[in-house]
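What follows is a single structure, written as structure tokens, with notes after it.
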Amino acid sequence: MLTLSHLSKSYSSSRPILQDINFHLNAGEYVAIMGESGTGKSTLLNLMAGLETPDSGSIVIDGHELAQMNDDQATQLRREKMGFVFQAFHVLPHLSVAQNVALPLLLNSVEKQQAQAATMSMLAAVGLADRAHSRPHELSGGEMQRVAIARALVHGPRLLLADEPTGNLDPESADSVMQLLREQIKQSGTTCVLVTHSTRAAATADRVLLLTMQGLIPQGDNVPHTIQS
Amino acid sequence: MQTTALAFTFLLGEFRAHGKRVAIGVIAIAIGVAMGYAVHLINYAASSEFSQAVRSLMGNADLTVRGTRIGFNEQAYPLLARLPEVAVASPVVEIDAHIPQQSEALKIIGIDYFRAQTVQPNMLGHLADENMNEGLDAFHPNALFLSPAALTWLKLKLGDTLAVQVGLEIRQLHIAGTVPAAGAGQRIGVMDIAAAQWRFDRLGLVQRIDLKLRPGVDIAAFQSKIDSILPTGVAAVTPADGERRAANLSRAYRVNLNVLALVALFTGAFLVFSTQVLSVVRRRSQLALLRVLGLTRASLIRWILAEGTLIGVLGSISGLLLGYAVAAAVLDYSGADLGGGYFSGVRPTVHFDIWATVIFFALGLGAALLGSLVPALETARAQPSRALKAGDEENALRRLRSPLPALVLIASAGALCFVGPVNELPIPGYIAIALLLIGSIALMPRLAYAVFSHFPTPTHSASYLAVTQLKGASGRASIGLSGILASFSLMAAMAIMVTSFRVSVDEWLGNMLPAELYMRAAPSGDTAYFSAQDQLIILSTPGIARAEFLRSTHISLDPLRPAITLIARPIDPANPAARLPFIGAVLPSQPLSSTQPITVWASEAAADLHGLVVGKQFMLPLGAHSQSVIVGGIWRDYARQHGALVINLADYRRLTGDERVTEAGMWLQAGTIPAQAVNNLRASLHNNTRLDIAEPGEVRRLSLKIFDRSFTVTYLLEAVAIIVGLFGIAASFGGQALARAREFGMLRHIGVTRRQIGLMLAIEGALLTTLGVLAGLLLGWVIALILIHVVNPQSFHWTMNTHMPWVLLSSVAATLIFAAAITAWLSGRSAMSVQAIRAVRDDW
């Protein structure tokens, strides 16, 4: 579903961020990428999203080569096939919860009634059906991240990219959000890349990769469990 | 101390990060201060020069006995001179001489050299050496002394001759010397009084007698004493009264121009307000964090006010420097007349005025501080815990939605419209406009909420995002909306007022110009006229079917006010409305009888300034006599701001014996073309090519051209205010786009293209501007009504009908909506230059 080949990226010649990254992700797989600060986790995520262009190498998503796309084509691909969850929620304050969730459907020109039904169903799935008409400032951090998850998945993306989704949450809310995220992606068969510092969050993934200067190093199946224990 | 250092760092950081925003605020304040300061300096220089000229003419006199422009009998002179309280009495003849080829008249003062040495030493001429050799002295009937400014203006040198028009004749005067003590820009000529009376056909008449009283004489008591012995229309005034009277000539015009110049400062203050509001909204969480960390409310207010202070200080200083330079350049290149015609011919230099400098500095600083005060207070009032949270920005602006303060301001504005002028200036009217403007701006958040919350939500993605933004963040939207409202309403108000005035003047001219051909003895001065003989010639000129003659002169109904114009023209007593555009009731014609007062018709200004109402009787000074008259009606007059009275020409001639006229309106015989009649007239009147002859169409065109020229500065100041307003709109959109960079980042992540964000912003800009323009049009119309029905009648004493310049308003509205959409789109582009990735990584 997602293949990165010989991917390199640097912001200055003296400071390469990513060097010769190779990585393949199957459809429906859920992988967590961990690593120390400054190793390029977020850059990797941005490259996968087509928000940044690599210096060399290729990124293929569902058969589409991202590096060969212009900005509009990459945006179109993001709109149809990707979902995002951010650390800082980024729920639009002037829209209601339901309107926020429905945004990707609107952008994909989904018919109004169908969009409403999908939104309500997604809100129910994340446990916020009764908050559909609330404003974001009326929600807790955990609830806002649920809204963000609902928004990321409402249009049935093929790939979900989550950047530190529990970074702003307390441990209890973080666990609950990660559990919800896993449930939802597994239910919908969405492929997911999670970038996180949190071992608890990473533990919800199918496999964990450690990003280092040497590239992405797979961690053993027991790693998350070890960390969990 | 540490807090101060932190504040400084905070301030510096904000200015560094958003230098353009700060610069726009500084420029707006600078432009506002510069316009106001420049207009003040120009008017100040002109009126100072004018006052100095008045002082210089009155010299050392303790009192001046002044009559009508025609003058009064010189026999008053020995009567006054013999009074025991009078040390010296100096008679003066004042003539506004028409110089052929010049559009302006030359003021010629006829003095008694022996008396003037004591009373008006500045008026004494200095005889050139070569004249002495030729035996020409100051008493020679053709000897004229010119001030240096007059010599320069007329491009003459000592020994040259100057042609002046008297009646239809040309008389030559000899430049015998200079008037070295005349003011720097004062264009005057001085002659011996007897020579002036003789050469200008004013024998037996003087315009004023300046009195130097003996030491110890109570001036006020003496003034009352001689008032009873002076003929009607002649009064004694002090030099201070004279200066006040001179200043009154242009006061309303100067005050109006100053107020107009301050409009740019008002829009500048509003620009600072909108940029500061958006700036503190953008930094709301940062400021809340500082509060959490222990910064007091008072310190936070001081910090934000310090930003405003810096903008105000920089803007004011730049504005003062710019204003001074503009004033100096204008005075140097085009003189002191800003279009009103009050100071044409006056060429003063700019003078530093410390009080005005302090006042305009304070106004600039005050405007910037006022613009920062509301956001500072709101930020300090906000709960830090809530302000730290995402999405609280709209809460910050929610408080603005309360309509109560706005409604109180608007109601107060309404009440002030019914208050009369203060010190003869429409101060309550101006305050009403300011309150109405501030009240309407304060009402905008409510209006934005009311309108946009009921707006149907479209399904197209960019439109959907735009409309939901306006619905959900109406408070933030209203900041931009208010900027549009302020600039468009002021523009619309001025456009409606000027159009109403122009159309009314045009209609009035149509009414006032019934004849087929008009002729003036000269375009300026009071020395040219048509004699009785000339009138007969005109009537018998081939092609002229009939003619109506008009005599125009000045009389004084109140020595402390500028003289009013007395127009003697044929009026049909049974139908005076055939010649005068009356407003209100007109008295039926009075039977001709020696016991009944004769009818005069007062212009609106004369009625307003001198308390004349239909049916009122008063004594009209006419030459050496005064006559009981009754006001038969009030007519509209846009030509004479200080008032005019119309009297039937036959009555005037009967009462004064004055057969001279200054203008003629003529009807042509069937088949005569105007050009042919013009040639015939010139031929009949001694081949006179100087005669000012025009068809009504030409007079109308010329009058409207003068009208437009007199409003040039108004248009210029208004354009500056609009440009500052547009700056405000751009700054407001720019500030909003900057504050929404994270929103754009998120939208880019979820698949919204740059084009769609641009389109969304353009739609927001267009919708917002459309609402702003519609509200601005309504507000502008109300302000125009105040200008037309309150400010104008109180300032200039004339009324007009309201006319809407729909074409102009709709073109400006369309341009503004288009410009706003483009500006919003450009602001978005600038905000999107912040990478989407970086934007979403920022904390809310």
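Could you tell me which of the residues B:Asp210, B:Asp201 is out of contact with any Asp or Glu (no Cβ under 7 Å at 6 or more places or on another chain) and part of a strand (DSSP E or B)?
Exactly one of B:Asp210, B:Asp201 is out of contact with any Asp or Glu (no Cβ under 7 Å at 6 or more places or on another chain) and part of a strand (DSSP E or B), namely B:Asp210.
May I ask you to say which residue of B:Ile583, B:Ile571, B:Ile564 is touching an Asp or Glu at 6+ places or on another chain (Cβ under 8 Å), of a type in the set (A, V, I, L, M, F, W, C) and not assigned by TED's automatic domain parsing to the domain that holds B:Ile95?
Just one listed residue meets the conditions, B:Ile583.
Across segment B:151-167, which residue is surrounded by the fewest Cβ atoms within 10 Å (Cβ to Cβ) among those that are touching a Ser or Thr at 6+ places or on another chain (Cβ under 8 Å) and under 11 Å from B:Pro100 (Cα atoms)?
Among them, the one singled out is B:Val166.
Just checking, which of B:Leu173, B:Leu168, B:Leu136, B:Leu158 is modelled with pLDDT of 90 or more and in the same structural domain as B:Asp192 (by TED's automatic domain parsing)?
Of the residues listed, the single one that is modelled with pLDDT of 90 or more and in the same structural domain as B:Asp192 (by TED's automatic domain parsing) is B:Leu173.
Go through segment A:75-102 residue by residue and tally those that are within 10 Å of chain B (Cβ to nearest Cβ), farther than 16 Å from A:Gln145 by Cβ and within 21 Å of the chain's Cα centre (by Cα).
10
Restrict the check to segment B:783-794 and report whether at least one residue is part of a helix (DSSP H, G or I), within 14 Å of another protein chain (Cβ to nearest Cβ) and at pLDDT below 90.
no
Do any residues in segment B:783-801 that are within 21 Å of B:Ala413 (Cα to Cα) have Cβ atoms under 8 Å from those of residues that are in a helix (DSSP H, G or I) and of a type in the set (D, E, K, R), where the two are at least six apart or on different chains, and which pairs are they?
B:Pro793/B:Glu604; B:Pro793/B:Asp608; B:Thr799/B:Glu604
For segment B:669-683, check the following and say yes or no: at least one residue is within 18 Å of B:Ala563 (Cα to Cα), without any contact (Cβ under 8 Å) to a residue 24 or more places away in the chain, not basic (Lys, Arg) and not in a strand (DSSP E or B).
no
Answer yes or no as to whether A:Pro157 is within 14 Å of another protein chain (Cβ to nearest Cβ), assigned to a loop (DSSP other than H, G, I, E, B) and within 19 Å of A:Leu25 (Cα to Cα).
Criteria met by A:Pro157.
Enumerate the pairs (first residue in segment B:468-487 and at the interface with chain A (Cβ under 8 Å from one of its Cβ atoms); second residue anywhere and of a type outside the set (Ser, Thr, Tyr) and part of a helix (DSSP H, G or I)) with beta-carbon separation below 7 Å, excluding pairs fewer than 6 apart on the same chain, so at least 6 apart or on different chains.
B:Thr468/A:Gln99; B:Gln469/B:Glu764; B:Lys471/B:Phe452; B:Ala473/B:Glu394
List pairs: first residue in segment A:16-36 and outside any strand (DSSP E or B), second residue of a type in the set (Ser, Thr, Tyr) anywhere in the structure, Cβ distance under 7 angstrom, at least six positions apart or on different chains.
So the pair list comes out as A:Ala27/A:Thr191; A:Gly28/A:Thr191; A:Glu29/A:Thr191; A:Gly35/A:Thr212.
Of B:Ala766, B:Ala739, which residue is within 14 Å of chain A (Cβ to nearest Cβ), over 12 Å from B:Leu826 (Cα atoms) and among the small types (Gly, Ala, Ser)?
Only one candidate qualifies: B:Ala739.
Quick one: which residue in A:Asp62, A:Asp72 is within 8 Å of chain B (Cβ to nearest Cβ), charged (D, E, K, R) and out of contact with any Phe, Trp or Tyr (no Cβ under 9 Å at 6 or more places or on another chain)?
Sole residue among the options that is within 8 Å of chain B (Cβ to nearest Cβ), charged (D, E, K, R) and out of contact with any Phe, Trp or Tyr (no Cβ under 9 Å at 6 or more places or on another chain): A:Asp72.
Run A:Ile149 past the list (1) of a type in the set (Val, Ile, Thr); (2) within 12 Å of another protein chain (Cβ to nearest Cβ); (3) touching a residue at least 60 places away in the same chain (Cβ under 8 Å) and report the number of the one that doesn't hold.
A:Ile149 satisfies every listed condition except (2).
Out of (1) touching an Asp or Glu at 6+ places or on another chain (Cβ under 7 Å); (2) part of a loop (DSSP other than H, G, I, E, B), the odd one out for B:Ala528 is which?
Single failed check for B:Ala528: (1).
Any residue at all in segment B:639-648 that is farther than 30 Å from B:Ala252 by Cβ and either crowded, with 20+ Cβ neighbours inside 10 Å or at pLDDT 85 or above (or both)?
yes
Here is a list of conditions, (1) outside any loop (DSSP other than H, G, I, E, B); (2) in contact with a helix residue (DSSP H, G or I) (Cβ under 9 Å, 6 or more places away or on another chain), and B:Pro562 meets all of them except one; can you say which number that is?
(1)
Assuming B:Met800 fulfils every condition listed in (1) assigned to a helix (DSSP H, G or I); (2) closer than 30 Å to B:Asp608 by Cβ apart from one, which condition is it?
(1)
The values are calculated or read from the model by the stated rules, or taken from the named source; none is laboratory data. Bear in mind the structure is a predicted one, so any value in this text is a computation, not a measurement. All Cβ positions, even for glycine, are placed from backbone atoms using ideal geometry, and neighbour counts span all protein chains on display.
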